[in-house]
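Heads up: the structure comes next, in structure tokens.
The values are calculated or read from the model by the stated rules, or taken from the named source; none is laboratory data. Quantities reported herein were computed from a predicted structural model and do not represent experimental measurements. As a convention, Cβ positions derive from the backbone with ideal geometry for all residues, glycine included, and neighbour counts pool all protein chains shown.
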Amino acid sequence: MSAEVFDPADLTTITMTPAARAHVRRQLARESADALRLGITESGCNGYMYELSYLAGDLDASRRFRFDDVTVVVDDADWALVQGTLIDYVTEGLNSALTFKNPNATAECGCGESFSVTNTD
């Protein structure tokens, strides 16, 4: 048994648990895709929502993160809101989903699908 270490001070990358890697690997195969794009859209009850899409072919995203054979890409426009995020895959009862532990989020909705940040500028 191993433990994942989440260091919110490490804002230079994103991390992904083995469970999340296994789930994304299956989805990439199902979608015939090469990478998962982690993005942000302005929406939800707290201001921002995670937006996931599967990419095939040219991966022109600004930042690429490789986890074994799984690639996650993030556009520069979204980087400030997701840097340092831990992507996990959890099962609760009959439900399973990717979850995000985002050190930039100052509030999250009850369902975990949207978040807000406090602008310090």
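Which of the numbered conditions does Glu113 fail, given that it passes all the others? Conditions: (1) under 13 Å from the mean Cα position of the chain (by Cα); (2) modelled with pLDDT of 90 or more.
(2)
Is at least one residue of the range 52-74 within 11 Å of the chain's Cα centre (by Cα), under 22 Å from Cys109 (Cα atoms), at pLDDT 90 or above and of a type outside the set (S, T, N, Q)?
Checking the range 52-74: at least one residue is within 11 Å of the chain's Cα centre (by Cα), under 22 Å from Cys109 (Cα atoms), at pLDDT 90 or above and of a type outside the set (S, T, N, Q).
Report the residue count in the range 22-32 for those that are surrounded by fewer than 18 Cβ atoms within 10 Å (Cβ to Cβ) and in contact with a strand residue (DSSP E or B) (Cβ under 8 Å, 6 or more places away or on another chain).
Let us first name the residues in the range 22-32 that are surrounded by fewer than 18 Cβ atoms within 10 Å (Cβ to Cβ), namely 22, 25-27, 29-32.
Then keep just the ones that are in contact with a strand residue (DSSP E or B) (Cβ under 8 Å, 6 or more places away or on another chain); that gives 22, 25, 27, 31.
Qualifying residue count, the range 22-32: 4.
Restricting to the range 17-71, name every residue that is charged (D, E, K, R) and at positive phi.
Asp68, the sole residue that qualifies.
Select, from Ala33, Ala77, Ala19, the only residue that is over 20 Å from Ser114 (Cβ atoms), of a type in the set (A, V, I, L, M), part of a helix (DSSP H, G or I) and out of contact with any Lys or Arg (no Cβ under 7 Å at 6 or more places or on another chain).
Unique residue meeting the criteria: Ala19.
Taking Pro8 and the conditions (1) at pLDDT 95 or above; (2) part of a loop (DSSP other than H, G, I, E, B); (3) not hydrophobic (A, V, I, L, M, F, W, C), which numbered condition does it fall short on, given that it satisfies the others?
Of (1) at pLDDT 95 or above; (2) part of a loop (DSSP other than H, G, I, E, B); (3) not hydrophobic (A, V, I, L, M, F, W, C), only one is false for Pro8: (1).
Can you name the residue in the range 75-107 that is of a type in the set (Asp, Glu) and crowded, with 18+ Cβ neighbours inside 10 Å and is also modelled with the lowest pLDDT among such residues?
That would be Asp78.
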